Every structure is written in C-alpha cells, then in structure tokens.
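Participant: Below: one structure in structure tokens.
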Amino acid sequence: MKTGQEAWLLRHSLREPDQGFTLLEVTIVLVISGILAALALPSFLNQASKAKQVEAKMYLGTLNRAQQRYILEHARFAESVNELGVTLHNSPNYSYSIHLDSAGTQYAVHDAKTLSANLRSYVGMAAVAQDSAGNSRIDTILCESKTAQQGQAEQPIISPASVACATSTEPVGR
C-alpha cells in the first residue's frame, strides 16, 4: 500500500503535462518574426529588381552577338529581331527595339526601354570601328542608366575608332 504522498506523486506524474503556448510566448515569437521580416524585406525587393534587370542585359547581349554574326554574313546590320532570327519573349518590364544608322552599315543600337520607374534602362550597340592601322572590326557595348528611371537610356557615343557609353550611362560589367 502506498502512502498518501506517494499516491499524490504517482497521480501527478501520470497526468499529461499542460499543452499549448502562453500569450506572452506567442507575442514574443510574433515580435521577433516581425523584426526579421523588416530586416529582410528591402534586400528581397532589391534582388527582385536585379533579376528583372538581368532579363534586359541578357536580351541585349544576345542582340549584340546576333548583329555581329549578321553583318559578317550580309555586310549590313539587321533592322529587326525577326531578321536576326532571335526570339524575344514579351516582357512586363521592358520593351525592346533596334535602330540603325541611315545606311545600316555603321552601327545598330538595341534599346531596352524600362516600363517601370524602379528599374534601370539599358542600351547596347554593335558598330563597325577601325584600329590605327585601318583594319575594320565590330565593337559591341552594353550600357545601363546610372539611375532607375522609366524610359530609354541615352545612345552610346560612336567614333571611327570605338564606341563608348554616354555620360548618363555606365558600361555593364566594369
């Protein structure tokens, strides 16, 4: 036979422990979660913008390379994406266009005009340039606007020897 104290201990040890969280514990978890979310949200939004901008860089790089191949085969730049044989998917972030010099043999400008004020605009160029010995080559450049803005980036500057980004833009990857 068990004593009274042993019986009481036995009853309480066999009983299931209280389950659930107190209001204080739940509140602490919510406050900590809120602080972490506030710290992570700006970084997450910045990464989303960068991912959208990668689309424009990728498409303009593709257009620059396609124009290099096209001028070698046809002695002129292509006037359209279809003529280059490149497929660009419709984008909610950018609209793409190609502009040529009047003869179509000196340069081709590829614009990625941003449709959002939170993204940078981009411009690419494939151009025929000459070195100091008079040998022709095809130079390409890809420039991004220095600030996020809706619209089109300023066209690169072309000289007989080279192409360079305009003052309101900077070269990509440098």
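The values are calculated or read from the model by the stated rules, or taken from the named source; none is laboratory data. Worth saying up front: this structure is predicted, and the values here are computed from it rather than measured. Ideal geometry is used to build each Cβ from the backbone, glycine not excepted, and the neighbour counts take in all protein chains shown.
Participant: Has region 80-96 got any residue that is at pLDDT below 80, loosely packed, with under 10 Cβ neighbours inside 10 Å and of a type in the set (Val, Ile, Thr)?
Facilitator: No, because not a single residue in region 80-96 is at pLDDT below 80, loosely packed, with under 10 Cβ neighbours inside 10 Å and of a type in the set (Val, Ile, Thr).
Participant: Hey, another quick one. Checking Met125 against (1) modelled with pLDDT under 90; (2) hydrophobic (A, V, I, L, M, F, W, C); (3) farther than 18 Å from Gln149 by Cα, only one condition comes out false. Which one?
Facilitator: Result: Met125 fails condition (1) only.
Participant: Would region 142-152 turn up any residue that is crowded, with 16+ Cβ neighbours inside 10 Å, modelled with pLDDT of 90 or more and under 15 Å from Thr62 (Cβ atoms)?
Facilitator: Yes: one or more hits.
Participant: Would you please name the residue that is nearest to Asp139 (Cα to Cα), looking only at residues in region 15-66 that are in a loop (DSSP other than H, G, I, E, B) and of a type outside the set (S, T, N, Q)?
Facilitator: Out of the qualifying residues, it is Phe21.
Participant: Please work out which residue is nearest to Val109 (Cα to Cα), limiting yourself to region 67-89 and to residues that are of a type in the set (A, V, I, L, M), in a helix (DSSP H, G or I) and without any contact (Cβ under 8 Å) to a residue 40 or more places away in the chain.
Facilitator: Per the criteria, the residue is Val81.
Participant: Only one residue in Leu119, Leu115, Leu100 is crowded, with 16+ Cβ neighbours inside 10 Å and without any contact (Cβ under 8 Å) to a residue 40 or more places away in the chain. Which one?
Facilitator: Only one candidate passes the filter, namely Leu100.
Participant: Please determine whether any residue of region 36-49 is over 26 Å from Gln149 (Cα atoms), of a type in the set (A, V, I, L, M) and touching a residue at least 24 places away in the same chain (Cβ under 8 Å).
Facilitator: No, region 36-49 contains no residue that is over 26 Å from Gln149 (Cα atoms), of a type in the set (A, V, I, L, M) and touching a residue at least 24 places away in the same chain (Cβ under 8 Å).
Participant: Residues of region 90-106 being small (Gly, Ala, Ser), in contact with a Leu (Cβ under 9 Å, 6 or more places away or on another chain) and outside any loop (DSSP other than H, G, I, E, B), which ones?
Facilitator: Ser95
Participant: How many of the residues in region 90-109 are within 17 Å of Val54 (Cα to Cα) and out of contact with any Asp or Glu (no Cβ under 9 Å at 6 or more places or on another chain)?
Facilitator: Counting residues in region 90-109 that are within 17 Å of Val54 (Cα to Cα) and out of contact with any Asp or Glu (no Cβ under 9 Å at 6 or more places or on another chain) gives 2.
Participant: Would you mind stating whether Gly61 is modelled with pLDDT under 90 and surrounded by 11 or more Cβ atoms within 10 Å (Cβ to Cβ)?
Facilitator: The answer is no for Gly61.
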